[in-house]
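What follows is a short report on a single structure.
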Amino acid sequence: MATYLVRRLLMALTVIAGISVITFAMIYFLPTDPARMYAGPNASVEAVARIRHQMGLDQPLWVQYGRYVERVLQGDLGYSYKLQMPVTQAILSRLPYTLELIFAAILVELALGVPLGVLAALRKNTWVDGLSTLAALIGVSSPPFWLGLLFLYVFAFKLGWFPLGGAGGLSHLILPALTAGLGGVGWYARMARSSTLNVLDADYVRTARAKGLPGWIVVARHVVRNALNPIVTMAGQDIPWFVGGVVVVEMVFGWPGIGRMAVDAILMDDVPLILGTVTFTAVLVVLSSILVDIVQALLDPRIRLNA
């Protein structure tokens with residue numbers, strides 16, 4: 001297990017380093033001048049040049065990258081000249097909102113998708129299976145921005161059951177979570193159906209039935225538990241997907257998460273904030289992937305043995 005974790009950590013560090021190099025190089029060649037943005041539109045050429053020197057922007061690319069990495073290792077992602085605050089502080093202030101939306105959306109996916117898929121597998125080729133397939137198709141085919149605007153119009157504007165946007169209590173979270181999660185319900189339903197059908201044909205399930213165990217015990221103890229492994233993997237992979245995917249949902253509902261802040265940073269040419277959000281998101285994605293691998297190793301000992 002320790003070897004497995006060390007190997008995954010080394011791979012994670014390689015991925016983070018690669019993403020940081022590519023992102024830094026891309027931003028370096030952007031047609032924008034951070035020194036001018038920091039100094040303001042009315043600053044003189046001499047003042048901009050002085051700020052550029054103070055920020056180290058007149059140094060070669062590899063020197064600037066080295067200094068950036070040194071600051072990042074100390075927890076300093078730079079200073080946002082638009083927000084007038086440290087990037088790390090800005091990201092951490094938005095992180096709880098993004099995590100809240102991500103986990104709520106995954107909860108929607110799991111709570112609706114997994115039971116729907118398992119039920120469809122247990123009632124294969126019946127109307128239940130057909131209804132599950134139809135619901136999955138509708139969920140997958142509904143773009144989040146369209147679904148979000150529809151929910152806002154019907155449930156917030158017309159019926160007044162929920163707020164029109166922003167963040168606050170549970171009433172603010174329900175519509176964004178449903179919008180972000182319903183698209184994945186179909187995928188989880190299809191995955192749970194396929195995984196359950198595979199497990200139903202396994203020898204240990206037939207053996208359990210031959211012993212005379214009640215059907216619900218066989219399903220709960222032998223079928224669902226073993227069918228969850230690919231679903232756990234999928235749920236873990238949803239976290240990095242949602243980090244980027246919830247941007248649209250955050251924009252539609254005015255949700256103050258990291259994705260919305262990243263879009264605002266791009267629109268405002270706030271280079272330190274762009275670089276900081278990308279780097280932080282990359283770390284978040286990699287850490288979530290490692291967490292998924294650990295959970296998988298705990299659920300399936302063969303992963304540890306093969307590591």
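Rule-based calculations on the coordinates, nothing more; no lab input. Please read all numbers here as calculations on a predicted model, not as lab measurements. Reconstructed Cβ throughout: ideal geometry from the backbone, glycine too, with neighbour counts over all protein chains shown.
Along the positive direction of the dipole of the range 1-132 (beta-carbon charges: Lys, Arg +1; Asp, Glu -1; about the Cα centre), which of F103, F29, T14 reaches farthest? The Cα lying farthest towards the positive end belongs to T14.
Each other residue within a Cβ distance under 15 Å of G113 adds +1 if Lys or Arg and -1 if Asp or Glu, for a net charge of -1. A dipole drawn for the chain from +1 and -1 charges on Cβ atoms has a positive end, and of A265, Y204, W255 the residue lying farthest that way is Y204.
Kirkwood radius, the range 160-216, all distinct C-alpha pairs, inverse of mean reciprocal distance: 14.9 Å.
Counting only alpha carbon atoms, the long axis of helix 258-267 and the longest principal axis of the chain meet at about 40°. Look at the alpha carbon pairs under 8 Å that are at least 6 residues apart: their mean separation over the length of the range 150-266 gives a relative contact order of 28 percent. Loop-located trypsin sites (Lys or Arg not before Pro) in the range 36-133 (DSSP state other than H, G, I, E, B) with a sparse environment of at most 15 neighbouring Cβ atoms within 10 Å: R123, K124. Please state the Cα pair-distance histogram of the range 237-290 with 10 angstrom bins from zero: what percent is in each bin? Spelled out per bin, shortest first, that is 26, 52, 21, 1.
Computed from Cα atoms, the angle from the helix 2-28 axis to the main principal axis of the chain rounds to 40 degrees.
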